Every structure is written in structure tokens, then in C-alpha cells.
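So the structure is just underneath, and the comments pick up after that.
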Amino acid sequence: MKRFNILALLAITGWLGLFSNHAAAQNRIGFVSLDKILREAPSAQRAQKRIEAEFSKRDQELARMSDQIKKIQDNLEKNGLTMSETERNRRQREATDLGRDFERKQREFREDLNPRRNEELQAIIERANKIIRTIADRNRLRDIDLLACSKFTKCARFALPINNLANNVS
């Protein structure tokens, strides 16, 4: 990913360098920050709340199980020497079984959460790309020579034709 970013940066600086000799041209670069969109856009915040609501019950159950495991282990450490061997073995087995169950449920939780989160993120990214494209098509970016984007947005496909400085080079 770093290599791609470095290559993209070199391509942008090279593209701007080609046109830097043009006396009348002032190169203007626009930037779309996907991170900011995902953090601050109302649709992204709504999606985050939907995901939290959808998975909060399971998350609370995992937190409860984790607390229960911790209490059993603390009890074993604190009272293990005074317990009979059969009681200590039973408690250790109980903690081990509960730990396995916790790990399984946690894995299932992640396996359900990650695709759901990715689905919501993909919808937001697609909407952002559509809006960027609409703005570019309506020529509202006529003062921008190059539109740079972060991560998954698809600005590069239509950035250069917005106001191609190559037409101004004599």
C-alpha cells in the first residue's frame, strides 16, 4: 500500500511538474478524504449506529462472559490453595470450558461483524464516489486541476479531464 501511495504521489508531482513552466497556470489540487467522510458524514454515523445496535446484545454477552471467566480465575488464584483438589480441578475445568466457549463466540461475533461492517462501508464509499462523480460531471470542480483521493475513492478515473492543463500548454 505504501508503494502505491508513493507511486501515486510521484505521478501527481510529475504531472504537476510538466505544467509548472506555464506562466499563467496556477495548479490547484482538490483532495477527498475518505477517512473524514467515514468519520463525519451523517450517513456514516447512521451506519455505525445501526451496526452498534445490531451487535450490541452479542457484545454485551461477550463482555459478561469475559467478566465471569475473570471472576472464576481470580477466585482460583485467591482460594485455590484452600480448595480441595477435586473442587480446584472442577473450577479449572469450568474456566477452561467457559474460555473455549468465549473464544468460539468471539470468533463467530467477528465473523458476523466484519462482513456487515464492510457492507456498510462499501455502501458509503460507493455513495461518496457517486457524489464526487456528480460534482465533477456538473463541472463544479472547474477551478481544480487535479482531484486526489484517499484510499478507496475512485477519483483518479475522472480527475484529469476536469480541467486538463495540457490544453493550455503552448
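What number of residues within the range 88-102 satisfy the criterion of being without any contact (Cβ under 8 Å) to a residue 40 or more places away in the chain and surrounded by 14 or more Cβ atoms within 10 Å (Cβ to Cβ)?
Quick first cut of the range 88-102, residues without any contact (Cβ under 8 Å) to a residue 40 or more places away in the chain only: 88-101.
Now restrict to residues that are surrounded by 14 or more Cβ atoms within 10 Å (Cβ to Cβ): 88, 91-92, 94-95, 98-99.
So the count comes out to 7.
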Which numbered condition trips up G80, out of (1) out of contact with any Ser or Thr (no Cβ under 9 Å at 6 or more places or on another chain); (2) under 30 Å from I132 (Cα atoms); (3) of a type outside the set (S, T, Y); (4) at pLDDT below 90?
(2)
Please go through the range 69-87 and pick out each residue that is open to solvent by less than 70 Å² (accessible area, probe 1.4 Å) and in a helix (DSSP H, G or I).
I69, I72, N75, L76, N79, E87
Go through the residues of the range 26-38 one by one and say whether even a single one is exposed (fewer than 10 other Cβ atoms within 10 Å of the Cβ), within 31 Å of the chain's Cα centre (by Cα), of a type in the set (D, E) and part of a helix (DSSP H, G or I).
yes
Could you go through the range 140-157 and let me know if any residue there is over 26 Å from A63 (Cα atoms), acidic (D, E) and at pLDDT 80 or above.
no
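The values are calculated or read from the model by the stated rules, or taken from the named source; none is laboratory data. A quick note: this is a predicted structure, and the numbers were derived from the prediction, not measured. Neighbour counts are summed over all protein chains in view; Cβ atoms, including those assigned to glycine, are modelled from backbone coordinates with ideal geometry. All accessible areas refer to the heavy atoms of the entire protein, side chains included, with ligands and DNA or RNA removed. Shrake-Rupley method; radii C 1.70, N 1.55, O 1.52, S 1.80 Å.
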